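Some notes on the structure that comes next.
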Amino acid sequence: MTKRTRTHVWLALSVIAVLAVGMVACGKQPTKRRGARGAGGQTSDIASAALATYVAPGDLDEYYLFYSGGHSGQIFVSGIPSMRHIATIPVFSPYPGTGYGFDDESKEMLGGYNWGDSHHPGLSETDGEYDGRWLFINDNAQGRIARIDLKDFKTKQIMTIPNISANHGSSFVTQNSEYVTMATRMSVPFPAGTYADVDEYATKYKGIAAGIKIDPENGHMSLGWEILLPPFNYDLGDSGKGPSDGYMFWTCYNSEREFIEGGKLEVTASQRDKDFILMVDWRAAEKAVADGRAKTVTGAPVLYPEDVADIAWFIPLAKSPHGVDVSPTGQWIVGSGKLSPTTTVYDIEKIKAAIAAKDFEETIDGIPVLTYSSVREAEIPVGLGPLHTQFDGKGYAYTSLFVESAVAKWKLPPYEEGADMNQYVVDKIPVAYNIGHLVTAEGDSMSPDGNYLVALNKLSKGRHLSVGPSIPESAQLIDISGDKMKLIYDAFTEPEPHYAVIIKADKLDPVEVYKKDDPYWHKSPDAIWSVEEARIERRGKTVEVWMMSVRSFFAPDVIRVNKGDEVIIHVTNIEQTRDELHGFAINEYNINLVIDPGETKTVTFTAAKEGVFAFYCTNFCSALHQEMQGYFLVK
Ligand code: RUQ
Ligand code: CUA
């Protein structure tokens, strides 16, 4: 491309940036609370919004909202409509509040990292409906994926696969939870661990799309297949449903396939008018692996599109694509480009017909590019900076507009022949600058509820009291039950919200106690249930302790070791009463376990410091909680 076109793109981007900055409001001072009553004794908008979101003391919310915590590495849980933050689920980062990352098991899961970049939570599904079993979440930084069991809201597995770099297009679950997606956002030399300089980017660097198999019995994840891809940046994804079940979709940018040192990727990756949606037939990929057509590379079954046809296709999409979302019926595939003021709708039937007719524009690294005009249904003029789309189940779609700081509501097909497409954009609501993702109630399922939408902001307009340069994030609750969208609540979210999912509260039934005889829970072989079983055993330089905790003491309450010993402590909380958690912290040893009723946790460490160290219960458990302590003596 010429220097001139580059300058143009650069200019356009700068204009967008300036526009955006111009919209930032100044810091907030406390405002007088506005009256809830409008003129003439009418109930004002504020009063009806308050009524719509107020969950009275003792009442419960209607939905769970799970939103990712970005580089906090966590998932946050709120209720809808109150938007109250009620829990934090630590996934990729330690969280002393629940003792996560301190016991052997969670430490091992974290794999030596103490953070992750969690972006897109995805719920397990049965027949295209959220079934409330598991929640999946990706780590964009370390290329990982995790599973949370919604029976106890705890992270049960963190998985890494080879050859993938920056897993962003994840975690999008198939209609019957057969697979969850993973994909490379930032291509690197292939196979994993190869060295090649960035000037060999176009040829030596590769992307990967992967299908992670989910065990239907217990949710356990394992690698199903990988597909070798050109070095584009694979961004967002979604799984098909109904007529598109069997397909996975990912947007990609930088189809220019270059990384020029000092060249500004934002400029070099914005040259082409269109990039692509990658579409993968996961059943065909699964079969190709079963038929022995994959090559084993760094331990992974990798399919090469040059050798294995009919597993992957590209669909052109303007421009620097970000979100791709499948409509509730599964017929419409909706893609948005950050630098195009339109959202493009594709018909899965046209896509299938184009594949059958080999209606291709070109082939890139063995992957056919479907002819745009044959598969596109319509381009909808939604507005500036479209990112993500959600649905209400009543035939409407909602697209977030980053640059415009708004949500556009528009109608899904069918459209009248030759009609002015502007008429199908039926409503727009401004939100706090700048919006990234948005989510509707049960929005990724085949039957969204059509009542609530949460707009998650990227940059904040200062919707809260000022707390310094780290402006509190904001998530806005929007009522989408009527023709016009209505902003009804401004909530804080912990940094930094990316995607979220909303599930009906009555679909979950979490336990409050690990019942001693509940076969669902894997029992630790080191659990003990009485003072009599409590003991300390020494084997050479290893001291192993089986400890029991109950209101309000530990048994044993004195542990004597020698400096340099390896110490293994198993603590069982034998309580069977709700909210009777006990902590176990050894001062100055950086040990902090929190053990739920009926749970056993193990910590292994070296007694490196000599002296006498108190240990105590960190979780308030009874009137005599302060007395719940003991001593760890290191000679
Ligand atoms: S991204 S603001 Cu990580 Cu989900 Cu679109
Ligand atoms: Cu046990 Cu506090």
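Every test in (1) within 15 Å of ligand 2 (Cβ to nearest atom); (2) within 26 Å of Pro90 (Cα to Cα); (3) assigned to a loop (DSSP other than H, G, I, E, B) is passed by Ala623 save one, and that test is (2). Within the range 343-364, the set of residues being outside any strand (DSSP E or B) and out of contact with any Lys or Arg (no Cβ under 9 Å at 6 or more places or on another chain) comprises Ile348, Glu349, Ile351, Lys352, Ala353, Ala354, Ile355, Ala356, Ala357, Lys358, Asp359.
Filtering the range 367-393 down to residues that are in a helix (DSSP H, G or I) and polar (S, T, N, Q), which residue is surrounded by the most Cβ atoms within 10 Å (Cβ to Cβ)? Full working, then the answer.
Kept after step one, since they are in a helix (DSSP H, G or I), are these residues of the range 367-393: 372-375.
Applying the additional criterion that residues be polar (S, T, N, Q) yields 373-374.
Details: Ser373: 11, Ser374: 16.
Across the range 367-393, the extreme among qualifying residues is Ser374.
Does any residue of the range 417-429 turn out to be surrounded by fewer than 20 Cβ atoms within 10 Å (Cβ to Cβ), closer than 29 Å to Gln271 by Cβ and not hydrophobic (A, V, I, L, M, F, W, C)? Scanning the range 417-429, I find at least one residue that is surrounded by fewer than 20 Cβ atoms within 10 Å (Cβ to Cβ), closer than 29 Å to Gln271 by Cβ and not hydrophobic (A, V, I, L, M, F, W, C), so the answer is yes. Of the strands (runs of 3 or more DSSP E) lying entirely inside the range 92-193, those containing at least 1 residues that are surrounded by 20 or more Cβ atoms within 10 Å (Cβ to Cβ) and within 16 Å of ligand 1 (Cβ to nearest atom) are 122-126, 129-139, 144-149, 179-183. A Cβ distance below 9 Å, combined with a sequence gap of six or more or placement on separate chains, defines the contacts here; from the range 574-588, residues that are within 26 Å of Ala607 (Cβ to Cβ) and of a type in the set (S, T, N, Q) reach residues that are modelled with pLDDT of 95 or more and more than 12 Å from ligand 2 (Cβ to nearest atom) in the pairs Asn587/Phe613; Asn587/Ala614; Asn587/Phe632.
Among the candidates Thr399, Thr329, the residue that is more than 16 Å from ligand 2 (Cβ to nearest atom), of a type outside the set (A, V, I, L, M, F, W, C) and over 20 Å from Gly246 (Cβ atoms) is uniquely Thr399.
Within the range 552-566, one or more residues are in contact (Cβ under 8 Å) with a residue 60 or more places away in the chain, in contact with a Gly (Cβ under 6 Å, 6 or more places away or on another chain) and farther than 16 Å from Lys635 by Cα. Is it true that Gly540 is free of Cβ contacts under 8 Å to residues at least 24 places away in the same chain, surrounded by fewer than 18 Cβ atoms within 10 Å (Cβ to Cβ) and under 30 Å from Ile46 (Cα atoms)? Answer is no for this residue. In the range 487-501, the qualifying residues are those that are part of a strand (DSSP E or B) and not hydroxyl-bearing (Ser, Thr, Tyr), and the one that is farthest from ligand 2 (Cβ to nearest atom) is Leu487.
Can you work out which of the residues in the range 57-91 that are assigned to a strand (DSSP E or B) and of a type in the set (Ser, Thr, Tyr) is farthest from the chain's Cα centre (by Cα)?
Only one residue fits best here, namely Tyr63.
Checking each residue in the range 505-535 for being surrounded by fewer than 16 Cβ atoms within 10 Å (Cβ to Cβ) and either in contact with a Pro (Cβ under 7 Å, 6 or more places away or on another chain) or not in a loop (DSSP other than H, G, I, E, B) (or both) picks out Ala505, Asp506, Val531, Glu532, Glu533, Arg535.
The residue that is nearest to ligand 1 (Cβ to nearest atom), counting only those in the range 578-593 that are buried (at least 19 other Cβ atoms within 10 Å of the Cβ), over 14 Å from Phe102 (Cα atoms) and of a type outside the set (Asp, Glu), is Leu581.
Quick check, is Arg272 in a loop (DSSP other than H, G, I, E, B), more than 26 Å from the chain's Cα centre (by Cα) and modelled with pLDDT of 95 or more? Reasoning before the result, please.
Values: in a loop (DSSP other than H, G, I, E, B): yes; more than 26 Å from the chain's Cα centre (by Cα): yes; modelled with pLDDT of 95 or more: no.
Considered against the rule, which asks whether it is in a loop (DSSP other than H, G, I, E, B), more than 26 Å from the chain's Cα centre (by Cα) and modelled with pLDDT of 95 or more, Arg272 comes out as no.
Of the residues contained in the range 297-320, one or more are found to be part of a strand (DSSP E or B) and over 27 Å from the mean Cα position of the chain (by Cα).
When you check Thr604 against the structure, is it in a strand (DSSP E or B), away from ligand 1 (no atom under 16 Å from the Cβ), among the polar types (S, T, N, Q) and within 25 Å of Leu150 (Cα to Cα), yes or no? Judged against the criteria, Thr604 is not a match.
In the range 452-466, what count of residues is obtained for those that are under 22 Å from the mean Cα position of the chain (by Cα) and either part of a loop (DSSP other than H, G, I, E, B) or closer than 16 Å to Thr440 by Cβ (or both)?
Qualifying residue count for the region: 8.
Evaluated against (1) more than 16 Å from ligand 1 (Cβ to nearest atom); (2) of a type outside the set (Phe, Trp, Tyr); (3) part of a loop (DSSP other than H, G, I, E, B); (4) free of Cβ contacts under 8 Å to residues at least 40 places away in the same chain, Glu404 falls short on exactly one condition, (1).
Looking at Ser524, Ser474, Ser552, just one residue is of a type in the set (Gly, Ala, Ser) and within 16 Å of ligand 1 (Cβ to nearest atom), and that residue is Ser474.
Would you please name the residue that is nearest to Tyr304 (Cα to Cα), looking only at residues in the range 394-404 that are surrounded by 20 or more Cβ atoms within 10 Å (Cβ to Cβ), more than 22 Å from the chain's Cα centre (by Cα) and not aliphatic (A, V, I, L, M)? Going through the qualifying residues, I end up with Tyr396.
Residue pairs whose Cβ atoms lie under 7 Å apart, sitting 6 or more positions apart in sequence or on different chains, and linking a residue in the range 330-347 that is in contact (Cβ under 8 Å) with a residue 12 or more places away in the chain and at positive phi to a partner that is surrounded by 21 or more Cβ atoms within 10 Å (Cβ to Cβ) and not in a loop (DSSP other than H, G, I, E, B), are Gly330/Ser244; Gly330/Ile348. Considering the range 597-634, the residues that are under 24 Å from Asn562 (Cα atoms) and aromatic (Phe, Trp, Tyr) include one that is surrounded by the most Cβ atoms within 10 Å (Cβ to Cβ), namely Phe615. Quick check: anything in the range 554-577 part of a loop (DSSP other than H, G, I, E, B), within 15 Å of ligand 2 (Cβ to nearest atom) and closer than 21 Å to Pro96 by Cβ? Yes, the range 554-577 contains a residue that is part of a loop (DSSP other than H, G, I, E, B), within 15 Å of ligand 2 (Cβ to nearest atom) and closer than 21 Å to Pro96 by Cβ. The C-beta contact set for the range 594-620 (first residue closer than 19 Å to Gly97 by Cβ and within 16 Å of ligand 2 (Cβ to nearest atom), second residue assigned to a strand (DSSP E or B) and of a type in the set (Val, Ile, Thr), distance under 6 angstrom, 6+ apart or interchain) comprises Ile595/Val571; Lys601/Val571; Lys601/Ile595; Phe615/Ile586; Asn619/Val594.
Residues in the range 307-336 that are of a type in the set (D, E, K, R) and closer than 22 Å to Tyr372 by Cα were compared, and the one that is nearest to ligand 1 (Cβ to nearest atom) is Asp325. For the range 578-593, the candidate set comprises residues that are in a strand (DSSP E or B) and within 14 Å of ligand 2 (Cβ to nearest atom); within that set, the residue that is farthest from Val543 (Cα to Cα) is His582. Can you say whether Asp238 is among the acidic types (Asp, Glu), under 25 Å from Tyr499 (Cβ atoms) and modelled with pLDDT of 95 or more, as far as the supplied structure shows? So Asp238 passes the test.
The values are calculated or read from the model by the stated rules, or taken from the named source; none is laboratory data. Everything quoted here is computed from the prediction, not taken from an experiment. All Cβ positions, glycine included, derive from the backbone under ideal geometry; neighbour counts span all protein chains shown.
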